[in-house]
Amino acid sequence: MASQSPMEDTMRSKIAAALQPTHLEIYNDSHLHAHHKPMENSTSHETHFRVVVTAEAFRSKSQPARHKMVYALLKEEMAREGGIHALQLKTKTPEEEEALIRKEKEEKGTQVPGASVGAA
Amino acid sequence: MSTLIEIKSEDDWSNHTSAIPPTALQIISFHAPWAAPCAQMRTVLETLASSYPITEPLSTSWVSMNAEELMDISDNFDVTAVPYLVLTRNNEILETVSGSDATKVREAIEKYAKASAGIPNGNRSSAAATTGGNVATNSSTNTPAVADPATAPQHSTGDVKEDKEELHKRLTTLVKAAPVMLFMKGTPSAPQCGFSKQLVALLRENSVKYGFFNILADDDVRQGLKEFSDWPTFPQLYVDGELVGGLDIVKEELSNEPDFLKAYSVSKSTAV
């Protein structure tokens, strides 16, 4: 049976293979944007994603550099007509993720900073 | 080259109008300092003006005024929104352009300017090359660079390779057009994308002074910039000509380091 989320599957497998993340979450936010004008001719349900990745591979790389790593993996999918239109990224190293969890525990009730990225 | 003069008072205005010949095309821009698109429009006009030589008798006159401060004058011209452009000759209104569509503004001016006194040095390239928005910058010395006359006067793709180089050159200049440059979808007053909107809000909250460019109005820049910076999405924020990233990165930087953009903030909320 064909997968309901081919794009997400592709993303997951590519990111996993290339970055060996210790933590990987992919959220499909497409439904939040489905009514937006740029989306009016879209037939895909997989246009807007939010990805949280924790990987050693990001160590000593700046945020833009980390995001570029992910973009590079999904280059084709993002360039494709009807492919990924927007991608939000949160890229951390295991230590950073640790620090963030600790910080959040301290400031109980603080919202996890929602990642926001632009749309292609 | 002509310059955009700021009219500060009613007297200023009457002095000015009585001094120009009836054949001259009057280009009158109404603005409000708190409206970001006005700053952008100012830059567009300054750039355009610089490509029109000062002639004798005067063929084009370029003025700008604060619509709120000079309310009688703006009322006279029925200005209800800014930026607003009025073109007159011999005290007759030829055309008006409301809003920040740089192409429309340029085309209207060119249309009537041609009738005035010959064709200006055919610089469709200046604003044409950067349609859809120029930058709000406080140093107008930057503007001529942004409006660098391209070797290809038309917006066409005659020689693809040349265009690419030209585009690259233009982008290099564009990202440095202001210390903080935002390439977004839409404009700060009318963002066309939730992410662009959020980034604008973030910059505003931090009182950052920035220039912006509406990539929806210029597909060359939209596609070119993606290649140029190896970054597939918008909005894109550049600081001192270097890509910082999109919304999430800027958000992250600011939460880690609240003084991240401190150096570029303003105390007042004026855009220019």
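Matching residues to (1) away from every other protein chain (no Cβ under 11 Å); (2) more than 17 Å from the chain's Cα centre (by Cα):
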| residue | (1), (2) |
| --- | --- |
| A:His33 | no, no |
| A:Glu46 | yes, no |
| A:Val51 | no, no |
| A:Ala57 | yes, no |
| A:Val70 | no, no |
| A:Leu73 | yes, no |
| A:Lys92 | no, no |
| A:Glu98 | yes, yes |
| A:Ile101 | yes, yes |
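The C-beta contact set for segment B:80-96 (first residue under 14 Å from B:Ser61 (Cα atoms), second residue surrounded by fewer than 13 Cβ atoms within 10 Å (Cβ to Cβ), distance under 6 angstrom, 6+ apart or interchain) comprises B:Asn90/B:Pro22. Here B:Ser207 fulfils each of the conditions (1) closer than 20 Å to A:Pro64 by Cα; (2) away from chain A (no Cβ under 14 Å); (3) surrounded by fewer than 20 Cβ atoms within 10 Å (Cβ to Cβ) apart from (1).
Select from segment B:212-225 the residues that are away from chain A (no Cβ under 13 Å) and among the aliphatic types (A, V, I, L, M) and write down the one among them that is nearest to B:Arg170 (Cα to Cα). Selected residue: B:Val221. Evaluated against (1) under 21 Å from B:Leu171 (Cα atoms); (2) within 14 Å of another protein chain (Cβ to nearest Cβ); (3) out of contact with any His (no Cβ under 7 Å at 6 or more places or on another chain); (4) surrounded by 18 or more Cβ atoms within 10 Å (Cβ to Cβ), B:Pro188 falls short on exactly one condition, (2).
Looking across segment B:226-258 at every residue that is closer than 14 Å to B:Leu203 by Cα and either polar (S, T, N, Q) or part of a strand (DSSP E or B) (or both), the one that is nearest to the other protein chains (Cβ to nearest Cβ) is identified as B:Gly245.
None of B:Ile73, B:Ile109 is of a type in the set (A, V, I, L, M), within 30 Å of B:Lys209 (Cβ to Cβ) and crowded, with 24+ Cβ neighbours inside 10 Å except B:Ile109. Among the conditions (1) assigned to a helix (DSSP H, G or I); (2) under 23 Å from the mean Cα position of the chain (by Cα), the only one that B:Phe213 does not satisfy is (1). Of the residues B:Val44, B:Val79, which is among the β-branched types (Val, Ile, Thr) and in a loop (DSSP other than H, G, I, E, B)? Matching residue, one of B:Val44, B:Val79: B:Val79. Checked against the criterion of being within 14 Å of another protein chain (Cβ to nearest Cβ), at pLDDT 50 or above and out of contact with any Asp or Glu (no Cβ under 7 Å at 6 or more places or on another chain), segment B:154-172 contains not a single residue that satisfies it.
The values are calculated or read from the model by the stated rules, or taken from the named source; none is laboratory data. Bear in mind that the values here come from a model prediction, so they are computed numbers and not experimental data. FYI the Cβ positions are ideal-geometry reconstructions off the backbone, even for glycines, and counts take in every protein chain you see.
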